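S.K.: Before we start, here is the structure in question, set down as structure tokens.
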Amino acid sequence: MTRGALLSLFPAIAMAQGTISTSQFTAEVDGFLKKEIAAHIVDIATLPQARVVGALTTGDFSWGTFLRAAAACSQLSGEVNIAGRELPNFLGQAGLIEARGGGKTFAQMFAALGLRRFGTNLKTNAMWQSLTPAEQAEWRSLLDPARFYDRAVRHVIDLPENYFGVASRIASMDLQMGIITDRTYVDDLLDQAAGQFVGGAIYSDDAIPTGRFDRYSQEYARYVYEAAEDAGRKDILAALEPSLKTQLRLWWDMVAPDGYGYTWGRSVGLIGYMDTLEIVGFVAQHPQFRPAPLPQLASAYYAAWKSLMSEYLQNRHLLNVFGFGHGHFGYINPQREWQQTTSFFGKAANAEILFTEAMRKENVANFPAKLVPAPVERFEYFRKGARPAGVWVVRQSKLSFALPITTGTKPGVADYLAAPHGFPGFSVPVERVVPALAPFLELADGRVIVAGDGADEIYPSADGKSLRAIWRRWVTIGGKPAAFVDPGISTEVTWTLRGGALVREESITGTVQIRKLRVLFPSTSDRVATRFENEKRIDRFTSVEVESTIPSASLTATGDGELGRGNQGPIPLLLEWELRDVKLPFRWIVTLRP
């Protein structure tokens, strides 16, 4: 979509003095959602249907997500007849697809949200009353957390910890609607879901005890809070307050001018913008958790919406999930293209209801058109102790990034490496095990190791301008997360802000020889010029200059291959350094200048 076409969708952009009219903007959002959900509904001739608007509907959560989206858009507009369909009956039948197909987790939560839209009293709930007794029994099965929560062991079944948040929301809504009448069961599930936070944790480990921290931590906390609200658990609400205040402040310190939030971990890409919509909706409803005044949060909401619109294919009625250079984790497969788009509709409609209500209630008639985040230079610990983890957040006029020290889904996966995610011109290939500014070391016995999964020691500077970390225990490529090895090698890495640049200095010491050292700089630029000065190699890309004390390197064009797909667009070029038979001690320096 051209810039002119995008601007035509948002006449409010052109308002004088750099402000946006709240009423004009919300009318545009409401109109878009009304039009697009109708386009999807009108394309459904039968239930189920293999494709809608040309996209497959056979992936996880697809029909539950659509159900929630249509119900949320209905609540936003106040209409129960959309595109000639009476929604209570139509969505009741859509839910049976998930009930009969073994739908679970998000499919169940979205189905519960869709059902609740028509009232918590099932005797007067139009969707519930449209079902036969046999169909109601199928819906009860669909809304049973036991599909993925084992009550006997009190844990979600083979799923990350954040799914506790999903289970708690389902159970609390079931209690509200009388689907579950066992209050003890619901309270016990909520206690388990809130356990990390009640125990004093600010950030939740999503793979206990490995120390995996990413965007799911704040989403998990929000879900448990909303479940506790529905269930009237004031003790859990109080326990979650410190976490939510801290986590949402971190999100605010990382959010980019285009509305993008977390830059590392799973479910990045378009989810990074949807997160912003949801978070602003949440804090619009819960002002005690706001990390900034509502008008500034509105600017972030607006920026995220514009970014999502720039990725919306108007002629196909779909988000551009699988466009050139678009990276996503493997579970976002072609079968879920429709699900991702309708997830956007549902998240956006729910956020819009909360956002509009708060803006009206607090008399915010206009807000700044441009999000101008405040400068930040600080380190935030996710946990301390024997294997600490955290993130260094830097945001300056031309230099912004988040450098996490945490555990990934597998050792060496680029999305979780200790690298400056979000740095201008730098982006890692999504879900690829590659040494993106964190070297892979091949040992004489063939093992390949990487400094990851937390660190042995972390030393942030008091002024936030540097960070030092030490690894003596490493993880093995191809091994399990947090399965540490001590190969007789240690590395000390220092990142420093210096003269508008980021300098990474690494010193590797030990008693063994390294067969091979590999490290990559994946670039979002499509051109580069190389020169050599004082035994240093300098590669000048379009938006960043990379200077390294390792003179030998190669450049590779990625095309639309696996290594060319980033969380916010293409990675056209890979700069790769490789050294063989490295004798220790070894020291190298790389400087990044935006």
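The values are calculated or read from the model by the stated rules, or taken from the named source; none is laboratory data. Only a predicted model underlies this, so the values are computations on that prediction, with no experimental measurement involved. So basically every Cβ, Gly included, is an ideal-geometry build from the backbone, and we count neighbours across all protein chains shown.
S.K.: Any idea which of (1) surrounded by 14 or more Cβ atoms within 10 Å (Cβ to Cβ); (2) in the same structural domain as GLY211 (by TED's automatic domain parsing) is the one LEU131 doesn't satisfy?
M.R.: (2) is the only condition that LEU131 fails.
S.K.: Here is a follow-up. Any idea which of ARG360, ARG383, ARG378, ARG387 is within 17 Å of ASP253 (Cα to Cα), surrounded by fewer than 21 Cβ atoms within 10 Å (Cβ to Cβ) and at pLDDT 95 or above?
M.R.: It is ARG378.
S.K.: Looking at LEU437, is it within 19 Å of LEU517 (Cβ to Cβ) and within 17 Å of the chain's Cα centre (by Cα)?
M.R.: For LEU437, the condition - within 19 Å of LEU517 (Cβ to Cβ) and within 17 Å of the chain's Cα centre (by Cα) - is not met.
S.K.: With the requirement that a residue be under 13 Å from GLY454 (Cα atoms) and either of a type outside the set (A, V, I, L, M) or modelled with pLDDT under 95 (or both), what does the range 473-502 give you?
M.R.: Listed by number, the residues that qualify are ARG473, TRP474, PRO481, PHE484.
S.K.: Further question on the same structure: What is the number of the single condition among (1) over 17 Å from ALA193 (Cβ atoms); (2) without any contact (Cβ under 8 Å) to a residue 40 or more places away in the chain; (3) surrounded by fewer than 19 Cβ atoms within 10 Å (Cβ to Cβ) that GLY84 does not meet?
M.R.: (2)
S.K.: Just to be sure, is PRO481 in contact (Cβ under 8 Å) with a residue 12 or more places away in the chain, over 26 Å from PRO460 (Cβ atoms) and outside any strand (DSSP E or B)?
M.R.: No, not satisfied.
S.K.: May I pose another question? When LEU159 is evaluated against the numbered criteria (1) in a loop (DSSP other than H, G, I, E, B); (2) within 26 Å of the chain's Cα centre (by Cα); (3) of a type in the set (A, V, I, L, M); (4) over 22 Å from SER343 (Cβ atoms), which criterion, by number, is the only one it fails?
M.R.: Just one mismatch for LEU159, condition (4).
S.K.: Hey, another quick one. Kindly indicate whether GLU442 is of a type in the set (Asp, Glu), out of contact with any Asp or Glu (no Cβ under 9 Å at 6 or more places or on another chain) and crowded, with 17+ Cβ neighbours inside 10 Å.
M.R.: For GLU442, the condition - of a type in the set (Asp, Glu), out of contact with any Asp or Glu (no Cβ under 9 Å at 6 or more places or on another chain) and crowded, with 17+ Cβ neighbours inside 10 Å - is met.
S.K.: Out of everything in the range 78-110 that is within 20 Å of SER172 (Cα to Cα) and not in a helix (DSSP H, G or I), what residue ends up being nearest to the chain's Cα centre (by Cα)?
M.R.: Checking each candidate, the answer is THR105.
S.K.: Filter the range 184-209 down to the residues that are touching a residue at least 24 places away in the same chain (Cβ under 8 Å) and either outside the structural domain of LEU244 (by TED's automatic domain parsing) or part of a loop (DSSP other than H, G, I, E, B) (or both) and list them by number.
M.R.: Within the range 184-209, ALA194, ALA201, ILE202, TYR203, SER204, ASP205, ASP206, ALA207, ILE208, PRO209 qualify.
S.K.: Look at GLN75 and say whether it is without any contact (Cβ under 8 Å) to a residue 60 or more places away in the chain and assigned to a helix (DSSP H, G or I).
M.R.: Taking the combined requirement at face value, the residue does not satisfy it.
S.K.: Of ARG249, ARG169, ARG266, ARG212, which residue is outside any loop (DSSP other than H, G, I, E, B), farther than 19 Å from PHE110 by Cα and not aromatic (Phe, Trp, Tyr)?
M.R.: ARG249
S.K.: Give me the pairs: first residue in the range 236-262 and within 18 Å of ALA303 (Cβ to Cβ) and not assigned by TED's automatic domain parsing to the domain that holds VAL391, second residue assigned to a loop (DSSP other than H, G, I, E, B) and among the β-branched types (Val, Ile, Thr), beta-carbon distance under 6 Å, and six or more apart or on different chains, which are they?
M.R.: GLY261/VAL255
S.K.: Of the residues that sit in the range 317-327 and are assigned to a loop (DSSP other than H, G, I, E, B) and under 23 Å from GLY564 (Cβ atoms), which one is nearest to the chain's Cα centre (by Cα)?
M.R.: Checking each candidate, the answer is GLY327.
S.K.: Can you tell me how many residues in the range 564-586 are in a loop (DSSP other than H, G, I, E, B) and either at pLDDT below 95 or more than 30 Å from ASN333 (Cα to Cα) (or both)?
M.R.: 5
S.K.: If you don't mind, there's one more thing I want to ask. Mind telling me which of the residues THR26, THR57 ends up being farther than 21 Å from GLN340 by Cβ and either within 26 Å of the chain's Cα centre (by Cα) or β-branched (Val, Ile, Thr) (or both)?
M.R.: THR26
S.K.: Does the range 134-144 contain at least one residue that is part of a helix (DSSP H, G or I), surrounded by fewer than 18 Cβ atoms within 10 Å (Cβ to Cβ) and aliphatic (A, V, I, L, M)?
M.R.: Taking every residue of the range 134-144 in turn, at least one turns out to be part of a helix (DSSP H, G or I), surrounded by fewer than 18 Cβ atoms within 10 Å (Cβ to Cβ) and aliphatic (A, V, I, L, M).
S.K.: What tally of residues in the range 395-434 results from selecting those that are among the hydroxyl-bearing types (Ser, Thr, Tyr), surrounded by 24 or more Cβ atoms within 10 Å (Cβ to Cβ) and within 12 Å of PHE329 (Cβ to Cβ)?
M.R.: The total comes to 1.
S.K.: Restricting attention to the range 304-328, report how many residues are without any contact (Cβ under 8 Å) to a residue 12 or more places away in the chain and of a type in the set (A, V, I, L, M, F, W, C).
M.R.: Qualifying residue count for the region: 1.
S.K.: Quick one: is ILE589 over 30 Å from ASN320 (Cα atoms), outside any strand (DSSP E or B), more than 30 Å from the chain's Cα centre (by Cα) and of a type outside the set (S, T, N, Q)?
M.R.: Judged against the criteria, ILE589 is not a match.
S.K.: Going by what's in this entry, would ALA221 be described as surrounded by 23 or more Cβ atoms within 10 Å (Cβ to Cβ), among the small types (Gly, Ala, Ser), assigned to a helix (DSSP H, G or I) and touching a Pro at 6+ places or on another chain (Cβ under 7 Å)?
M.R.: no
S.K.: So how many residues does the range 104-128 have that are within 19 Å of ARG336 (Cα to Cα) and surrounded by fewer than 23 Cβ atoms within 10 Å (Cβ to Cβ)?
M.R.: Looking only at that region, the number is 2.
S.K.: Given (1) in contact (Cβ under 8 Å) with a residue 60 or more places away in the chain; (2) crowded, with 19+ Cβ neighbours inside 10 Å; (3) of a type outside the set (Lys, Arg); (4) within 22 Å of ASN567 (Cα to Cα), identify the lone condition not met by TYR331.
M.R.: (2)
Conditions (1) farther than 29 Å from TYR331 by Cα; (2) surrounded by 22 or more Cβ atoms within 10 Å (Cβ to Cβ), marked per residue:
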position: ASN162; (1), (2): no, yes
position: ALA167; (1), (2): no, yes
position: SER172; (1), (2): no, yes
position: MET177; (1), (2): yes, no
position: ASP182; (1), (2): yes, no
position: ASP187; (1), (2): yes, no
position: ALA194; (1), (2): no, yes
position: ALA207; (1), (2): no, no
position: GLY211; (1), (2): no, yes
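S.K.: Also, quick follow-up: With respect to GLY101, is the statement that it is of a type in the set (Gly, Ala, Ser) and more than 29 Å from ILE180 (Cβ to Cβ) true?
M.R.: Judged against the criteria, GLY101 is not a match.
S.K.: Please work out if LEU592 is closer than 26 Å to GLY259 by Cβ, buried (at least 18 other Cβ atoms within 10 Å of the Cβ) and touching a residue at least 12 places away in the same chain (Cβ under 8 Å).
M.R.: Considered against the rule, which asks whether it is closer than 26 Å to GLY259 by Cβ, buried (at least 18 other Cβ atoms within 10 Å of the Cβ) and touching a residue at least 12 places away in the same chain (Cβ under 8 Å), LEU592 comes out as yes.
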